[in-house]
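The values are calculated or read from the model by the stated rules, or taken from the named source; none is laboratory data. As the structure is a prediction and not an experimental result, all values here were calculated from the model. Cβ placement follows ideal geometry from the backbone for every residue including glycine, while neighbour counts extend to all protein chains displayed. Each accessible area value is taken on the protein alone, full model and side chains, heavy atoms only, with ligands, DNA and RNA left out. Shrake-Rupley method; radii C 1.70, N 1.55, O 1.52, S 1.80 Å.
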Amino acid sequence: MISAVSKPSLWTGLIAGLGLAVLFVLSLAVGVSPLPLNKVLSDPEAMQLLAVSRLPRTFAAVLCGAGLAIAGLIMQTLSRNRFVEPATAGTAQSAELGILLVTLLFPAAALWVKTLVAGGAALVGTSVFLATAHRLPPQQPFLVPLFGIVYGGVIGAVATFAAWQADLLQFLSVWTNGEFSGVLRGRYELLWIAALMVAVAWIVADRLTIMALGREASIGLGIDYARMMQIGLVIVSVITALAVVIVGMIPFVGLAVPNIVSRLMGDNVRGTLGWVAAGGAGLVLACDIAGRLLRYPYEIPVGTVMGVVGGAVFLWLLFRRGGHG
Amino acid sequence: MADRRLHGLGLAALAAAAAFLAIGLKGNIAFVLELRLLKLAALVQVGVAIAVSTVIFQTVTGNRILTPSIMGLDALYLFGQMLLVFLLGGVGYVTLDPQLKFGLEVVLLMGLACALLLPMLRSRLDMGLMLLAGVVFGVLFRSLQSLLARLIDPNEFAVVQSASFANFNAVRTDLLVFAAIVTVVALIIAWRARHVLDVISLGPDAAMGLGVSWAGTVTGLLLLVSALVAVSTALVGPVAFFGLLVAALAERIVNSRRHAVLLPAAGLTGIVVLVGGQTLFQHALGNATALGVVIEFVGGLIFLLLLVLGSRK
Amino acid sequence: MIRIENVSFKHRATPILSDISLDIPKGGVVALIGPNGAGKSTLLSLVARLQPLQAGVISVDGLPVDTTPSRDLAKVLAILRQDTTIASRLRVRELVGFGRFPHGRGRLTQEDDAIVDAAVAQFDLTDLSDRFIETLSGGQRQRALVAMAFAQDTDYLLLDEPLNNLDMYYARALMRSLRSVADANGKTVVIVLHDINQASAHADRIVAMKSGRIIADGTPGEILTPDMLDTVFGFRMRVETIEGKPFALHQL
């Protein structure tokens, strides 16, 4: 909202935009069957490949990255803790459990029904997490993410057990480990809802910034704290459920990107939201491209690459901060 | 009082072992019995190794909710295993003698664990920070491990396959003898160090004041813990919360943090829970593979409970 | 006017406030004083609808605080709680700017900008306005929070021990600022104070609380007497009059 300060220069924006564009084009070009970009328009086969596989895959990476980064940002705002994100707060695991149960009970349900159920489960799981997180003492900020990780682990254990009994472990691993290689036209379009959620976050950006100041400051400024909490929860749950159902969970995006952006530009969500979304999209695109190139022509799932990259970034953030205080 | 409870635990462990061997015995009795004895030996080792390593680890780090596996040690072991495959090549790894391989892995884990944990302990980090870092290390190593696995063999990474849960039903009996040597040596050292452990539990300052060399002792204890974790992980796979469950139970039962009592109590509790649980699941519930998941679930809940209750004080 | 009628409040089984009734007419500075645990902060937070009312009625300018939309109340009443912690990385001017949120829902008009600038200047924050809150000292942070409450520009301003962390210079400056907005703009300031001499020097009226009840209510001259202070705080102190205002020498 306050435009006079904290706006990064036009150049920074241009360079970032250019970087994202380069990644986007790279993602279109890299793959098992070569796609010479200069011939796309003349070669119908290449055109087909682009439209059916590469473009959907690239869009999916951008949407997932941007969405999960924003979901992380909102989780950190709602829990007032910098080390929380959907993958470490039981959100993703609840979504996995939800889609597993609906797959067990109604195997024939449409994808959007499954997504809806996964979203509902994520909502419940995250609400329980937040209710508990607010009871943990604020002087010990590391307890909250720790609680979240183990809480997610317990829900994950239930899901694994259920999947094991029903011989669905294969499916579960598809949902728990993000991978874009299966993304084709006609199978990823629901992900555009994530973009819608990012737009909703943009609309309530100022309120999110105020939420981070705490309950009392929010009420003092006339914000309906409980309702904003619900809106935030819905955004997080929907984005996470979409990611889990369509490509599988990608860890650490929601953690690393908002933290780095906060370091560089502060926490005024109106000013940082675009950067967080772009950063998430760029990071996931880059990891997906790396996953395609590391062991060419085989692919390494983006979830695995991100586990390594994001884990290292998280530890760096942790000890950087630990060194300060 | 504590002694009586210790005896009780010993009897319970014996009863569990007897039940494990005897229930449902039929067919070729000698053959089945031999098989069961082998498995029993493995389970006892795993139970004792995890329990004792957890108690020592908690003492060294001065925290009741830390366990080696929460700090990512078993993930580190699997990562080390994968690193060996990566360095030796899949074929070289497979042709290696399993005992030698295991020995290499144990040494590798000891080295990696010390390299990672000692600096953290030295700098006396905030406990919450350390826990969180450990959990993230775990995720990082698991990801690194599966990344390495994909790099080695993108089609079928079956050379080293890691389950997400320990499977107490399918133990690696081929490593049993070698693992037993490691376990017994580690246990003897731990038992002889029981009084030093009592001093260490007072914290670095008090321990040094009482003339215990903190850095040296803690390094030695960490090596010990690493060896025990390597044994259990090699035999059954990673367990996240079993150690926590057993250590918390044992302390409740004997109501003491004196290591002369706590170490045997924890070991016996480990045997009771693991062997008894396996018997129960195998015969009464008819689903032997489920024990690992159930232990993780219950242990995880206990962890959350300790976290929330402990922070209320 | 703030009207508090028969308000009681319990935390679990412990009574915090017992049957409080108090009218605070528009305009002027009212100081709430009393020993620790008297219920001053709770009363303030109930008026500011930060906690749900359990018994009794509170209204501000005729708006009942428990049923009026929070957003409407935020244009009438601003609250600053004690020890507000800000974990967000926000710049000083951004934080103060959020005081305007109830009015524009995030869009700052030129008029809003002018009000924010004035609040920033009033509390000597102009040089700090691009600094992140976390880099400020405790006193500077407190001034930024007070400026934010000022920028909300409401008729009623509730402050819970705002002098915490402030040095003598800024404590005096804040009290004089409060005095001047009350005199010049007809605002109503309700302030919890520990320093009874600040109350005497700058408030029109002092309300003394103890054990969840109001035990005295009057001008500084009526409240700052050795007998009355003994009743409220439990010990006798000398009271001297300087320039027509009573001051308690409670350090002796």
Pairs, please: C-beta under 8 Å, at least 6 apart or cross-chain, first residue hydroxyl-bearing (Ser, Thr, Tyr) and in the stretch C:165-184, second open to solvent by 30 Å² or more (accessible area, probe 1.4 Å)? C:170/C:124; C:177/C:122
Would it be correct to say that residue A:107 is within 14 Å of chain B (Cβ to nearest Cβ), in a loop (DSSP other than H, G, I, E, B) and not polar (S, T, N, Q)? no
The helices (runs of 4 or more DSSP H) lying entirely within the stretch B:235-313 that contain at least 3 residues which are modelled with pLDDT of 85 or more and more than 10 Å from chain A (Cβ to nearest Cβ) are B:242-254, B:259-271
Select from the stretch A:260-292 the residues that are surrounded by fewer than 24 Cβ atoms within 10 Å (Cβ to Cβ) and within 14 Å of chain B (Cβ to nearest Cβ) and write down the one among them that is nearest to the chain's Cα centre (by Cα). A:290
The stretch A:222-246, residues that are modelled with pLDDT of 90 or more and outside any helix (DSSP H, G or I): none
Of the residues that sit in the stretch A:200-227 and are in contact (Cβ under 8 Å) with a residue 24 or more places away in the chain and farther than 20 Å from residue C:85 by Cα, which one is nearest to the other protein chains (Cβ to nearest Cβ)? A:205
Selection status of residue B:116, in contact (Cβ under 8 Å) with a residue 40 or more places away in the chain and either small (Gly, Ala, Ser) or open to solvent by 30 Å² or more (accessible area, probe 1.4 Å) (or both): yes
If I filter the stretch A:78-90 for residues that are away from chain B (no Cβ under 14 Å), over 29 Å from residue B:66 (Cβ atoms) and open to solvent by less than 30 Å² (accessible area, probe 1.4 Å), do I get at least one hit? no
Just checking, does the stretch C:144-152 include any residue being open to solvent by less than 60 Å² (accessible area, probe 1.4 Å), farther than 19 Å from residue C:121 by Cβ and under 20 Å from the mean Cα position of the chain (by Cα)? no
In the set C:180, C:88, the lone residue that is touching a Ser or Thr at 6+ places or on another chain (Cβ under 9 Å) and of a type in the set (S, T, N, Q) is C:88
So which residues in the stretch C:218-233 are touching a strand residue (DSSP E or B) at 6+ places or on another chain (Cβ under 9 Å) and open to solvent by less than 70 Å² (accessible area, probe 1.4 Å), if there are any at all? C:218, C:219, C:220, C:221, C:223, C:224, C:225, C:226, C:228, C:229, C:232, C:233
Being open to solvent by less than 30 Å² (accessible area, probe 1.4 Å), in a helix (DSSP H, G or I) and within 14 Å of chain B (Cβ to nearest Cβ) is the requirement here; does residue A:161 meet it? no
Could you say which residue among A:295, A:320 is within 26 Å of residue A:169 (Cβ to Cβ), open to solvent by 50 Å² or more (accessible area, probe 1.4 Å) and within 12 Å of chain B (Cβ to nearest Cβ)? A:295
Could you tell me which residue of the stretch B:169-206 is most open to solvent (accessible area, probe 1.4 Å), considering only residues that are hydroxyl-bearing (Ser, Thr, Tyr) and in a helix (DSSP H, G or I)? B:173
On the basis of being under 17 Å from the mean Cα position of the chain (by Cα) and more than 14 Å from chain C (Cβ to nearest Cβ), does residue A:29 make the cut? no
Identify all residues within the stretch A:116-155 that are open to solvent by less than 50 Å² (accessible area, probe 1.4 Å), in contact (Cβ under 8 Å) with a residue 40 or more places away in the chain and not in a helix (DSSP H, G or I); write none if there are none. A:141, A:142
How many residues does the stretch B:58-95 hold that are in a helix (DSSP H, G or I), under 18 Å from residue B:239 (Cβ atoms) and not small (Gly, Ala, Ser)? 8
Failed item, numbered, when residue A:248 is tested on (1) more than 18 Å from residue C:88 (Cβ to Cβ); (2) at the interface with another protein chain (Cβ under 9 Å from one of its Cβ atoms); (3) of a type outside the set (S, T, N, Q): (2)
Any residue in the stretch B:56-76 that is at pLDDT 85 or above, in contact with a Pro (Cβ under 8 Å, 6 or more places away or on another chain) and buried (at least 23 other Cβ atoms within 10 Å of the Cβ)? yes
Number of the condition not met by residue B:229 [criteria: (1) open to solvent by 40 Å² or more (accessible area, probe 1.4 Å); (2) of a type in the set (A, V, I, L, M, F, W, C); (3) under 23 Å from residue B:101 (Cβ atoms)]: (1)
Residue pairs, Cβ under 6 Å, 6 or more apart or interchain, first in the stretch C:7-20 and on the phi > 0 side of the Ramachandran plot, second part of a strand (DSSP E or B) and open to solvent by 80 Å² or more (accessible area, probe 1.4 Å). List them. C:19/C:6
